[in-house]
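Worksheet: the structure to be examined is printed underneath.
The values are calculated or read from the model by the stated rules, or taken from the named source; none is laboratory data. Every value quoted in this text rests on a predicted model; they were computed, and no experiment measured them. Because the Cβ atoms are built from the backbone with ideal geometry, glycine has one as well, and the counts that use them run over all protein chains shown. Calculation scope for accessible area: heavy atoms of the full protein, side chains included, ligands and nucleic acids excluded. Shrake-Rupley method; radii C 1.70, N 1.55, O 1.52, S 1.80 Å.
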Amino acid sequence: MDVVINGENKKISAGVTLLELLKELELDPRAVVVEHNRKIVRRAGLGDVTVTDGDAIELVHFVGGG
Amino acid sequence: MKTETLNRQDAEGLRDEPLVIGGRTFQSRLLVGTGKYPDMDTMVRAIEASGAEVVTVAVRRVNLDRTKESSVLHFLDPKHFFLLANTAGCYTAADAIRYARLAREAGFNDFVKLEVIGDEETLLPDVQGLLEAAKVLVQEGFQVLAYTNEDLVTALRLEDAGCAAVMPLASPIGSGLGLLNPLSIRTIKRRLHVPVIVDAGVGTASDACVTMEQGVDGLLMNTAIAAARDPVAMAHAMRLATIAGRAAYLAGRMPRREVAMPSSPSKGMLD
């Protein structure tokens with residue numbers, strides 16, 4: 001299944017939830033904020049949202065800035 | 001022992017109230033950024049030397065290849081610092097709102113340093129987009145600290161929109177040119193009720209001092225510390241300069257005059 005994560009085309013397993021996707025990417029769900037098709041998904045709800053083909057996902061965190 | 005004595009004198013010389021922004025109380029009037037440091041260890045030591053409690057951070061995509069840890073929270077304990085997320089790099093109100101919402105979702109606080117940039121070369125703010133974004137974010141319960149230019153009318157509109165603080169620039173972001181328009185900054189401070197934090201443009205300690213002498217409530221800087229030859233030493237200098245400028249403002253400077261006045265008595269001179 002093809003999705004776009006942080007602007008990059010990625011192949012991921014079909015039917016995974018956002019929480020499972022983070023695990024697959026070795027990302028700590030407490031350390032990232034997830035935007036799924038332009039909608040923010042709260043941390044507690046990551047396991048309830050299933051990723052589908054063509055979805056756009058943004059994974060962000062805090063970096064150094066002024 | 002000597003340090004203790006000095007600190008007591010510092011406290012005695014500075015009868016001041018703490019800085020309160022959006023209901024939060026801060027002891028330090030110096031706020032610092034976390035960007036552009038040569039390395040993370042220098043950043044952490046510089047921020048400690050600055051005495052700042054509020055540190056700004058930016059919202060960016062995580063690095064998917066996981067070859068390096070890039071989150072600033074890996075190095076700065078969010079329990080010891082108040083994280084102020086910015087919307088740096090946003091050129092439209094819609095983008096700034098999107099970044100602010102993502103930042104809030106990180107779960108630390110609902111403060112945002114709102115930037116809507118209007119011009120790539122000068123990084124000057126787009127005041128129309130800024131006001132638009134400020135209104136939406138205030139409505140959504142954010143404590144908005146709005147980065148703006150040194151224009152009184154925009155500052156008044158931002159206050160009317162419900163911003164928790166207004167942050168006029170001293171000079172363009174990263175320029176190090178110092179305070180270019182003290183009159184405008186003083187006017188903004190005089191007319192606003194919310195805290196005025198000067199953000200951007202300070203280059204060295206004298207700039208910080210002279211900015212605080214205008215009576216503003218605080219000062220936010222990043223590059224002046226991060227790009228100094230010795231960022232930790234400069235952070236220390238900035239801490240002292242911010243305190244000195246504030247103390248001088250509270251002390252009230254002598255009037256300027258264009259002719260000399262002797263400091264020693266003119267009476268009692270020999271024939």
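Observations on the model:
- If you go through the stretch B:98-113 and keep only what is within 11 Å of chain A (Cβ to nearest Cβ) and not hydrophobic (A, V, I, L, M, F, W, C), you end up with B:98, B:99, B:101, B:104, B:105, B:107, B:113.
- Residue list for the stretch A:14-57, restricted to those being assigned to a loop (DSSP other than H, G, I, E, B), farther than 24 Å from residue B:71 by Cα and either open to solvent by 70 Å² or more (accessible area, probe 1.4 Å) or touching an Asp or Glu at 6+ places or on another chain (Cβ under 6 Å) (or both): A:14, A:52, A:53
- Residues of the stretch B:149-171 satisfying the condition of being over 11 Å from residue B:196 (Cα atoms) and among the β-branched types (Val, Ile, Thr): B:153, B:154
- Of the residues examined, residue A:63 is not one that is under 29 Å from residue B:43 (Cβ atoms), in a strand (DSSP E or B) and more than 7 Å from every other protein chain (Cβ to nearest Cβ).
- Restricting attention to the stretch B:41-67, the residues being touching a Leu at 6+ places or on another chain (Cβ under 9 Å) and of a type outside the set (Val, Ile, Thr) number 8.
- The listed residues are B:151, B:95, B:119, and the only one of them that is within 14 Å of another protein chain (Cβ to nearest Cβ) and of a type in the set (Asp, Glu) turns out to be B:95.
- Hey, residue B:94 touching a helix residue (DSSP H, G or I) at 6+ places or on another chain (Cβ under 9 Å), surrounded by 13 or more Cβ atoms within 10 Å (Cβ to Cβ) and at pLDDT 95 or above or not: yes
- Scope the stretch A:49-60; condition away from chain B (no Cβ under 12 Å) and touching a strand residue (DSSP E or B) at 6+ places or on another chain (Cβ under 7 Å); matching residues: A:49, A:50, A:51, A:53, A:54, A:55, A:56
- Comparison of B:145, B:102 shows that the only residue that is aliphatic (A, V, I, L, M) and part of a strand (DSSP E or B) is B:145.
- Subset of the stretch B:105-130 [of a type in the set (A, V, I, L, M), open to solvent by less than 50 Å² (accessible area, probe 1.4 Å) and modelled with pLDDT of 95 or more]: B:112, B:114, B:116, B:117, B:127, B:130
- Selection count, the stretch B:186-219, where residues are more than 14 Å from every other protein chain (Cβ to nearest Cβ), among the β-branched types (Val, Ile, Thr), buried (at least 24 other Cβ atoms within 10 Å of the Cβ) and within 24 Å of residue B:161 (Cβ to Cβ): 3
A quick yes/no check of all residues on (1) touching a helix residue (DSSP H, G or I) at 6+ places or on another chain (Cβ under 7 Å); (2) touching a residue at least 60 places away in the same chain (Cβ under 8 Å); (3) surrounded by fewer than 24 Cβ atoms within 10 Å (Cβ to Cβ); (4) at positive phi:
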site: B:22; (1), (2), (3), (4): no, yes, yes, yes
site: B:27; (1), (2), (3), (4): no, no, yes, no
site: B:34; (1), (2), (3), (4): yes, yes, no, no
site: B:76; (1), (2), (3), (4): yes, no, yes, no
site: B:89; (1), (2), (3), (4): no, no, yes, yes
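- Per this entry, residue B:135 is not counted among residues that are within 15 Å of the chain's Cα centre (by Cα) and surrounded by fewer than 24 Cβ atoms within 10 Å (Cβ to Cβ).
- Selection from the stretch B:220-234 of residues that are open to solvent by less than 30 Å² (accessible area, probe 1.4 Å), in a helix (DSSP H, G or I) and out of contact with any strand residue (DSSP E or B) (no Cβ under 8 Å at 6 or more places or on another chain): B:224, B:226, B:231
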